[in-house]
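Engineer: Could you have a look at this structure, given as structure tokens, before my questions?
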Amino acid sequence: MNVKGTYFEDIEVDKIRETPAITVTETHVSLYLGLTREPAAAPADVPAFLVLCMSIGLGWRVKEPPLAVLAFVGLDWHIVREVRVGDTVHGRSRILSKRPRRDGGFVVDERSLIDQHGEVVQQGKFTFLVAKRKEVPA
Amino acid sequence: MSEQRRYFQEIPLGEEYESPGRTVTESDLVIFSGLSGDYNVLHTDAEFMKQSIFGERIAHGLLCLAIQSGLFNRAATEYATLGLAGLRWKFKAPVKIGDTIRLRAKVAAKKDLDKPDRGLVTIERTIVNQRDEVVQQGETDLIVEKRR
């Protein structure tokens, strides 16, 4: 059994991908606060981690099949500016490097989250272990 | 805001915290998939995951990162936090449905920022499961208001 995905061999270093956008709503904030019990400083504030979490799903709305991720290895992330309820963010991502291992390979993905004014709100690097074509993800 | 919020000067370097436990449930995974839009088979396809090295669905890494943020607030007296500046984070081991996670945290560094009304507090964080195995680990940088 295998899943359609972008495998380690298929990943193009330096290729830039843009995702569709999503508007951050009060509903997102309420669901997130219920799930995490993380208090918001003010009602219109959007917790930074919520924006990060929502950005992950944006990658699933592009035409290319998602990365065949075996494991999410780590993340180095910067919050540049605050996001408010009603803001609309999208992602831009670029593969910085890929390093093969016997099983799969490490991929560093540089990502920026951009608001409706074109301003970067959060950015950083994700490291994934991605499957090679013959391997079953996970 | 409660009077118990602590300002930058009132947070001692080296102070340690341990949170209550929190059991990660199937509902958490389902809600998080809907909220994040991340429907990766790792988190959503029980049959597929039976054949994987994990043997069952695993929690989203970012779900546990978000949960620990709430656990921190239950463990430490509230800071006068203005925002999060960034984090460096490693996902070390999977969290499965039914696992109970806890946060251990420590004030690792404090430094002044350019703006005189705020400082940066770096918190070392380790998420452990019910067997005391480290599942996630990293550091977060919080911007905290100074008492004038």
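Engineer: For chain B, set up a GNM with springs between Cα atoms under 10 Å and report which of B:Asn40, B:Asn73, B:Asn129 has the largest fluctuation.
Structural biologist: B:Asn40
Engineer: Further, regarding this structure: Apply the a/c threshold of 1.5 to the C-alpha gyration tensor of region B:5-148 and tell me whether it is rounded, prolate or oblate. Please report the intermediate quantities before stating the final value.
Structural biologist: Details: a/c = 2.75, a/b = 2.23, b/c = 1.23.
Here region B:5-148 falls in the prolate category.
Engineer: I've got another one for you. Taking all pairs of different Cα atoms in the protein assembly as shown, averaging 1/r and flipping that mean, what Kirkwood radius in angstroms comes out?
Structural biologist: Result for the protein assembly as shown, one decimal place: 19.6 Å.
Engineer: How shielded is B:34-45 by partner chains, expressed as the average number of their Cβ atoms within 10 Å of its Cβ atoms?
Structural biologist: For peptide B:34-45, the averaged partner shielding equals 6.
Engineer: Just to confirm the number: angle between the C-alpha axis of helix A:26-36 and the first principal axis of chain A, 0 to 90 degrees, nearest 10?
Structural biologist: Helix A:26-36 and the main axis of chain A meet at about 70 degrees.
Engineer: Here's a follow-up. How shielded is B:52-64 by partner chains, expressed as the average number of their Cβ atoms within 10 Å of its Cβ atoms?
Structural biologist: Neighbouring Cβ atoms belonging to other protein chains average 3 per residue here.
Engineer: How many lysine pairs are close in region B:1-144, with Cα atoms under 28 Å apart and the two 8 or more places apart or on different chains?
Structural biologist: Lysine pairs meeting both conditions in region B:1-144 amount to 10.
Engineer: Pick from B:Glu47, B:Glu133, B:Glu16: which residue has the top mean-square fluctuation in a GNM of chain B where Cα pairs under 10 Å get a spring?
Structural biologist: B:Glu47
Engineer: Could you state the angle between the C-alpha long axis of helix A:48-58 and the longest principal axis of the C-alpha atoms of chain A, as a value from 0 to 90 degrees rounded to the nearest 10?
Structural biologist: Here the helix axis deviates by roughly 50 degrees.
Engineer: Is there a simple number for the mean count of other chain Cβ atoms within 10 Å of the Cβ of residues in A:46-53, and what is it? Write down the numbers at each step before the final one.
Structural biologist: Working: counts 0, 5, 7, 10, 5, 0, 6, 10.
The mean count of partner-chain Cβ atoms within 10 Å per residue comes to 5.
Engineer: Measure nothing fancy, just the Cα-based angle from helix B:61-75's long axis to the longest principal axis of chain B, in degrees from 0 to 90, nearest 10.
Structural biologist: Orientation of helix B:61-75: about 40 degrees from the principal axis.
Engineer: To continue, here is another question. When the Cα centres of region B:73-122 and region B:131-148 are compared, how far apart do they sit, in Å?
Structural biologist: Distance between centres, Cα-based: 2 Å.
Engineer: Give me the one-decimal Kirkwood hydrodynamic radius in Å for region A:1-135, with the sum taken over alpha-carbon pairs.
Structural biologist: Result for region A:1-135, one decimal place: 15.8 Å.
Bear in mind these aren't lab numbers, they're just calculated from the coordinates by the rules spelled out. Note that this is a predicted model, so its numbers are computed, not measured. Reconstructed Cβ throughout: ideal geometry from the backbone, glycine too, with neighbour counts over all protein chains shown.
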